[in-house]
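See below for the structure under consideration.
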Amino acid sequence: MRPGLLAAALAGAAVAGHAGPAVLGRGRWRERVVPGLLGRGAPGSVALTFDDGPHPEGTPAVRRALDDLGVRATFFLLGRQVERHPGAVAQLLADGHEVALHGHEHRNHLARTAPALAADLQRARDAVVGDAAAGGLDPARVRAALRHTRPPYGAVSGGTLWAARTCGLRPVLWTAWGRDWLGHDGEQVAATALAGLDRDAPGPDGGGGTVLLHDSDCTSVPGSWRGTVAALPLLVAAVRERGWQLRPLWQHLPATGAAA
Ligand SMILES: [Zn+2]
């Protein structure tokens, strides 16, 4: 695909701040432009993903909730948050979660050059690997376990795709969201996420969705992660009632197309 084509298509739709990642609601056209971009997994599988962490309160609270529920998820970390709040990466990996990259700075890709985006991803990767190494983990293994990246606000440009490929990462967005960045309560967040999952493919043969949530309020309404934590038991119970399995992205997504 010609660099800039998708950027042009998405330009003007990007948002910033507490408005959240509203650039992407629904619409299958993105998947046709970049296969696999939305993170549609196998039927019967659902992935929970958490952006913008680590956060000193939000991330431990989400970890506890997921542990209580026996769920393994994917965390798209910000390099600058890792530097501000060290020690989280090894804990997430010890819990069996997948760690992925949201970038170093939480900036819209549509306003940045491809080389700047690659440098940002590399800086985030260095921060994540360094934090894990400080926690006693093998840097090479942690680096190899980094498979996925998600641009802030879901704003994808040709540079996003080029930078991801340069770093050997697969860009993954989402098919459903909890709109938890708005500070909604747990029932609202769970209902919103579930509606997104059901809209695509309800019933026992459905699923396949990837849910966007946040374990950090660094770009959201202060304390918004509390609603996320409260939503998790409700959302997980509803997902399991439908017969769907909760998996981290690396198990949820088809292997084909990875970093291609
Ligand atoms: Zn974000």
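Look through the range 216-250, keep the residues that are within 16 Å of the ligand (Cβ to nearest atom) and assigned to a loop (DSSP other than H, G, I, E, B), and return whichever of them is surrounded by the fewest Cβ atoms within 10 Å (Cβ to Cβ).
Once the filter is applied, the top-ranked residue is 222.
Pick from the range 97-107 the residues that are farther than 16 Å from residue 218 by Cβ and either aliphatic (A, V, I, L, M) or open to solvent by 40 Å² or more (accessible area, probe 1.4 Å) (or both): which of them is nearest to the ligand (Cβ to nearest atom)?
Filtering first and then ranking leaves 100.
Of everything in the range 57-82 that's open to solvent by 10 Å² or more (accessible area, probe 1.4 Å) and closer than 22 Å to residue 125 by Cβ, which residue is nearest to the ligand (Cβ to nearest atom)?
80
Can you tell me which of (1) of a type in the set (Asp, Glu); (2) in contact with a strand residue (DSSP E or B) (Cβ under 8 Å, 6 or more places away or on another chain); (3) within 25 Å of residue 238 (Cα to Cα) is the one residue 95 doesn't meet?
Answer for residue 95: the failing condition is (2).
Regarding the range 207-215, can at least one residue be identified that is touching a residue at least 12 places away in the same chain (Cβ under 8 Å), in a loop (DSSP other than H, G, I, E, B) and within 16 Å of the ligand (Cβ to nearest atom)?
Looking for residues that are touching a residue at least 12 places away in the same chain (Cβ under 8 Å), in a loop (DSSP other than H, G, I, E, B) and within 16 Å of the ligand (Cβ to nearest atom), one finds at least one in the range 207-215, hence yes.
Give the residue, chosen from 155, 124, that is within 16 Å of the ligand (Cβ to nearest atom), under 19 Å from the mean Cα position of the chain (by Cα) and under 15 Å from residue 92 (Cβ atoms).
124
May I ask you to verify whether residue 196 is away from the ligand (no atom under 16 Å from the Cβ), in a loop (DSSP other than H, G, I, E, B) and not hydrophobic (A, V, I, L, M, F, W, C)?
For residue 196, the condition - away from the ligand (no atom under 16 Å from the Cβ), in a loop (DSSP other than H, G, I, E, B) and not hydrophobic (A, V, I, L, M, F, W, C) - is not met.
Evaluate the range 192-209: report whether one residue or more is over 22 Å from residue 171 (Cα atoms), under 18 Å from the mean Cα position of the chain (by Cα) and of a type in the set (A, V, I, L, M).
Looking through the range 192-209, at least one residue is over 22 Å from residue 171 (Cα atoms), under 18 Å from the mean Cα position of the chain (by Cα) and of a type in the set (A, V, I, L, M).
Among the residues of the range 112-138, write down those that are open to solvent by 60 Å² or more (accessible area, probe 1.4 Å) and among the hydrophobic types (A, V, I, L, M, F, W, C).
The answer is 134, 137.
The values are calculated or read from the model by the stated rules, or taken from the named source; none is laboratory data. These numbers were taken from a predicted model, which means no experiment stands behind them. Cβ sites come from the backbone with ideal geometry, for glycine too, and all protein chains shown count toward neighbours. Note: areas computed on protein heavy atoms with side chains; ligands, DNA, RNA excluded. Shrake-Rupley method; radii C 1.70, N 1.55, O 1.52, S 1.80 Å.
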